[in-house]
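Notes follow once the structure below has been shown.
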Amino acid sequence: MRVSAGTLADAVLAWAARRPERLALTGVDGDLTYAELARRSGHWAVELAGLGIGPGDIVPLALPRGRDLVVAIVAVLRTGAATTILDPSWPDARREYIVRAIDAPFVVGASVAGLSAWHPPLPSRGAVTEKQPVLTGEASRPAAVFFTSGTTGDPKGVVASHAAITRLFAPGTFGRFGPGEVIPLAAATPWDAFAFELWAALANGGTSIVVTEPYLAPDVLRRCVSQYGATTAWLTSSLLNLVADEDVGALAGLRQLITGGERLSPEHVRRVLGRHPGIAMTNGYGPVEGTVFTTTHRITPPDCDRPDGVPIGRPVLGTRVMILDGERPCRPGQEGEICIAGAGLAEGYLDDKAATASRFPTLVIDGRATRVYRSGDLGVVDVNGVFHFRGRIDDQVKIRGHRVEPATVETVIMRHLAEVTACRVLARRDKRGVATGLVAYCSPAAPPDAAERLALTLAGPERPVAFRSVDAFPLTATGKLDLTAIVAIGEDDDVPDNGAAKHPMSEDALVALVAGVFAAVLDVSAVPNDVAFAELGGTSLAAGRVCARLGYALERAVPASAMASHQTAEALAAWLRETAEPDKAPAPDHSPLAPLSELQSGFLLRTLLDSNERTGPCRLLWTVDGELDAAALSHAIGYVHERHEALRATYVADLGALVGDRPAPAVAVLEPQSDTDSALADLADHLSAPLAPDTGEVWRVARIPILGRGHAIGCAVHHIAFDGASESLLARDLAVG
């Protein structure tokens, strides 16, 4: 279905006229049809127009992710104005800078920097008056301003047009977008990924699931699929890694998965593709100046084995991508700067002509004057026209999908910490080279309250996760800063003091479980019960891992929002106890058996990395002459399941084997065979299918009738819970049961 050639608001109104009863929004806030979205946004647009809002204006929205925010966005666009969204979690200084930069007359939803707040009126059941703003259909005008990090310490406003967003959904594009798609709206609201999630649904007659949790954690994703029928989801590569590690089954039910924002981890991608081969998985690359995606690549299993990583793919429709050495196009295989042209290009930086001229120059390419964006990213294009990412020219990094310039943080530190006279900020990277946070090297040492003071100015990904004291910055023989030597300074100084000696562990089993999960995620031996997770060095995504693992242990949803408001082990355990179902004690009915052995850890790792690996199941096959008592067989399986804790366990990396009350496996009954050999062959094939001990599927049982002779029965038990010595024990207990 072709998207509207006009504005994004035009597309919403077109669907409201064509399919008024179709769901536009759904979620915990309730449902809103396209007709209701059009009516309510029209009512608000009249009010905004009456206050003088119109083409050329930028309206700041200080509303949390929710239904009112979506209605407000559509209303502002219907006046001809553009939006910029202020994240409620941002420091006041950043919000104040932005409303001053756009010269806003007021803020929708909340007062910022002394500006009055305009509160959306209550829903009206009446018809919209004749004063309703008239749409001009100018797709080239600004739709949104996205503020990103700037080297001066102040955010830069990137101005994107309606056409830059709608080009992503043109016929023949990289994904499936249409009336049947149901897409969670879960990205950070000021980010261009939020615009993609929203308009991928609303510009194409689909349904947007408004997510109120901080991000699309595994339990939230499961709920989006099971309750609302989600078909498509966007996950940053960091969030994809979390889901792949902690609950890869949460992706079941999706038809389409789009990822990116950072370099992909092949091992995590391999696991997702192995467990969910039917999901169309796409890697998307693009700076905000190119509006969401510049190139995309449909990922296949062989991509995970490429020595240079998963490709970033081919240009999105309406977009031109070049690899340039200065102004000269590079040949295939030659590394150069990724430069972007076409309909997705931003208008430039808001009220910053110098930065716009520098980063958006007009170059003569192949004899034609072409306006481009110099991304600062290095890449190559191969002989097949596929692009590959190679890194950055400067020291800009992506942290949890957000672009951060360390120079920005250095400027802010020098501006707000008078005690520091020299500073260098570098990225901390994991074993795959992915930036996980920033470390500030300060001379003299940063004050003890540095983190608290900088939190008043810097947004989450920009805040250093550690401060290190530097007496004198080391230099190379040529007089330049020796970055390798700087990184080696005080490598152990920023390890959180877990305080185990000062804070005795609780005897409360639930508190002990939560503290144990904190420690496992943070990779420390123990943590105190009364210190906030963030103070121990935990990030928002690390908190997501805590929630996922506690969900395994307690067999209940543990939302990220609960973790955000109950940061200590004691507080989170208290919340878990208070919110438990009345008939189910919150203290874990799972109990750790013991840490996994090296052999068990190896089996689990192979399963996690490749869900199709078939070395895990151990098969046991028997034949039974004559009639088989199916009820007696089920009773025997239940007896064995209850008797052996290892069969009832969920095996979680870093946490161990968690024993619960999972039901015994049901007996699968296969198609009858006429001879014993065929029956045993079919049974063996069925029992060779992979097991999933990380989700509690440790063993399975099946039987097959042999016509005129009896039955073949068998079971498969994952090697993590079974060895050769266990075979006779299991057979004996089945016979007794």
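Out of the residues in region 691-714 that are of a type in the set (D, E, K, R), part of a strand (DSSP E or B) and more than 16 Å from VAL624 (Cβ to Cβ), which is farthest from the chain's Cα centre (by Cα)?
It comes out as ARG700.
Sort out which residues of region 2-38 are more than 26 Å from SER226 (Cα to Cα), open to solvent by 40 Å² or more (accessible area, probe 1.4 Å) and in contact (Cβ under 8 Å) with a residue 24 or more places away in the chain, and write them in order of number.
ARG2, ALA5, LEU13, ARG18
Out of region 166-184, which residues are closer than 30 Å to SER226 by Cα and over 21 Å from the mean Cα position of the chain (by Cα)?
THR166, PHE169, ALA170, PRO171, GLY172, THR173, GLY178, PRO179, GLY180
Can you tell me which residue among ALA188, ALA127, ALA170 is open to solvent by 10 Å² or more (accessible area, probe 1.4 Å), in contact with an Asp or Glu (Cβ under 8 Å, 6 or more places away or on another chain) and modelled with pLDDT under 95?
None of the others qualify; the one that does is ALA188.
Residues that are surrounded by 20 or more Cβ atoms within 10 Å (Cβ to Cβ): find the strands (runs of 3 or more DSSP E) completely inside region 287-382 holding 1 or more of those.
Strands (runs of 3 or more DSSP E) meeting the threshold: 295-298, 319-325, 336-342, 373-381.
Being part of a strand (DSSP E or B), under 30 Å from MET322 (Cα atoms) and of a type in the set (D, E, K, R) is the requirement here; does ARG403 meet it?
It is true that ARG403 is part of a strand (DSSP E or B), under 30 Å from MET322 (Cα atoms) and of a type in the set (D, E, K, R).
For region 662-690, which positions are open to solvent by 50 Å² or more (accessible area, probe 1.4 Å), assigned to a loop (DSSP other than H, G, I, E, B) and of a type in the set (A, V, I, L, M)?
Scanning region 662-690 gives a single hit, ALA666.
For VAL412, only one of the following conditions fails: (1) touching a residue at least 24 places away in the same chain (Cβ under 8 Å); (2) in contact with a strand residue (DSSP E or B) (Cβ under 9 Å, 6 or more places away or on another chain); (3) surrounded by 18 or more Cβ atoms within 10 Å (Cβ to Cβ). What is its number?
Against the list (1) touching a residue at least 24 places away in the same chain (Cβ under 8 Å); (2) in contact with a strand residue (DSSP E or B) (Cβ under 9 Å, 6 or more places away or on another chain); (3) surrounded by 18 or more Cβ atoms within 10 Å (Cβ to Cβ), VAL412 comes up short only on (2).
For ILE58, work out the one condition from (1) more than 30 Å from the chain's Cα centre (by Cα); (2) within 23 Å of ALA203 (Cα to Cα); (3) open to solvent by 10 Å² or more (accessible area, probe 1.4 Å) it doesn't fulfil.
Condition not satisfied by ILE58: (1).
Output the number of the condition that VAL225 fails; it satisfies all remaining conditions of (1) in a loop (DSSP other than H, G, I, E, B); (2) open to solvent by 10 Å² or more (accessible area, probe 1.4 Å); (3) free of Cβ contacts under 8 Å to residues at least 60 places away in the same chain; (4) of a type in the set (A, V, I, L, M).
Unmet condition: (1).
Collect the residues in region 61-100 that are open to solvent by less than 30 Å² (accessible area, probe 1.4 Å) and of a type in the set (Gly, Ala, Ser), keeping them in residue-number order.
ALA62, GLY66, ALA72, ALA75, GLY80, ALA81, ALA82, listed by residue number.
Tell me which of these VAL527 doesn't satisfy, since it passes every other one: (1) at pLDDT below 85; (2) under 30 Å from PRO461 (Cβ atoms).
Result: VAL527 passes all but (1).
Which condition number in (1) within 30 Å of ASP308 (Cβ to Cβ); (2) small (Gly, Ala, Ser); (3) modelled with pLDDT of 80 or more is the one that ALA451 fails?
All conditions pass for ALA451, except number (1).
Taking ARG65, is it closer than 23 Å to THR166 by Cα, assigned to a helix (DSSP H, G or I), of a type outside the set (Val, Ile, Thr) and touching a residue at least 40 places away in the same chain (Cβ under 8 Å)?
So ARG65 fails the test.
Looking at region 392-411, can you tell me whether even one residue there is farther than 30 Å from GLY342 by Cα and over 27 Å from the mean Cα position of the chain (by Cα)?
yes
What's the total number of residues in region 291-316 that are touching a helix residue (DSSP H, G or I) at 6+ places or on another chain (Cβ under 9 Å), touching a residue at least 60 places away in the same chain (Cβ under 8 Å) and not aromatic (Phe, Trp, Tyr)?
The qualifying residues number 6.
The values are calculated or read from the model by the stated rules, or taken from the named source; none is laboratory data. The structure presented is a predicted model; accordingly, all values stated were derived computationally and were not measured. We place every Cβ from the backbone using ideal geometry, glycine too, and count neighbours over all the protein chains shown. These accessible areas exclude ligands, DNA and RNA; they are computed on the full protein's heavy atoms, side chains included. Shrake-Rupley method; radii C 1.70, N 1.55, O 1.52, S 1.80 Å.
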